[in-house]
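What follows draws every value from the coordinates through simple rules; no lab data is involved. Values in this document were obtained by computation on a predicted structure and should not be read as measured data. Backbone-built Cβ (ideal geometry, glycine too); neighbour counts: all protein chains shown.
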Amino acid sequence: MNFMSRRSIRKYKDIPVEKEKLDELLKVAIVAPTGHNARACEFIVFNNEKDVKKLIGIKKAGAGFLETAQAGIAVVCDTTKAGTWIEDSSIAGYTIQLKAHEMGLGSCWLQLRDRFSPNNEPSDELFSKIVGLPENYRVLCFIALGYADEEKPSYTEKDIDLSKVHYGKF
Ligand SMILES: Cc1cc2nc3c(=O)[nH]c(=O)nc-3n(C[C@H](O)[C@H](O)[C@H](O)COP(=O)(O)O)c2cc1C
């Protein structure tokens, strides 16, 4: 996989995401690493454009791509089973993004934890209501998916800021 060419895609073609591809994404998300091997993450699949559009308005900024996304996977976690639910869900979310990229799909992370709707309602609570999430579960993010309808350049050597790297001490 070319990690340097993965970019967040915020405009998608009007082409559905195949069920087989969604299944592949779910497989790698399910086996992603988790703290204490808790495996408390679960996944809510939005497998068509109409379902994705139900999330429009859930967040006041950075959610415009919901207008064209063709599918998406929300990462939710039973917080009573995993003290590392944020880390576990983050790894699962990024694993989905990397696998999507490998399969030629674009993706973008929609942050829902600690974010708010235009009326200042917590985005994660709105999400829980929409999908009927049990009380012990929290949602971290929704990974929007589809075939890219925008071109974004790959990262290059110029983007690699080695001043961020420290050996042994800061
Ligand atoms: C924790 C996290 C939250 C993010 N939330 C959003 C979001 O709500 N909306 C959005 O458009 N992009 C979101 N992004 C995508 C970032 O803006 C994006 O990764 C960053 O600008 C770098 O661009 P790239 O992914 O193309 O390399 C999020 C990314 C992360 C890791």
Counting Lys and Arg as +1 and Asp and Glu as -1, each charge on the Cβ, what is the dipole of region 3-152 about the Cα centre in debye, to the nearest 20? 220 debye
Just list whichever of Lys19/Lys152; Lys11/Lys59; Lys59/Lys158; Lys59/Lys129; Lys50/Lys152; Lys21/Lys60 have alpha carbons separated by over 22 Å in the model shown. Lys19/Lys152; Lys59/Lys158; Lys50/Lys152; Lys21/Lys60
Which percent, to the nearest 5, of DSSP beta bridges fully inside the chain are antiparallel? 95 percent
Per its Cα gyration tensor (rounded if a/c is under 1.5, else prolate when a/b beats b/c, else oblate), region 3-152 is best filed as oblate
Suppose a student asked you for the relative contact order of the chain, using Cα pairs under 8 Å spaced at least 6 residues apart; what percent would you report? 32 percent
Within region 61-163, DSSP-loop GluC sites (Glu not before Pro) with at most 16 other C-beta atoms within 10 Å are Glu135, Glu150, Glu151
222 nm [θ] for the chain, helices only, -39500 (n - 2.57) per DSSP H run of 4+, per residue, to 500? -8000 deg cm²/dmol
Can you tell me which aspartates and glutamates have their Cα less than 19 Å from the Cα of Lys13? Leave out same-chain residues fewer than eight positions away. Glu49, Asp51, Glu67, Glu102, Asp149, Glu150, Glu151
Below 14 angstrom from the Cβ of Cys141, what's the summed charge of the other residues (Lys, Arg +1; Asp, Glu -1)? -1
Sequence-distant aspartates and glutamates (8 or more away, or on other chains) whose Cα lies within less than 17 Å of Lys81: Glu42, Glu135
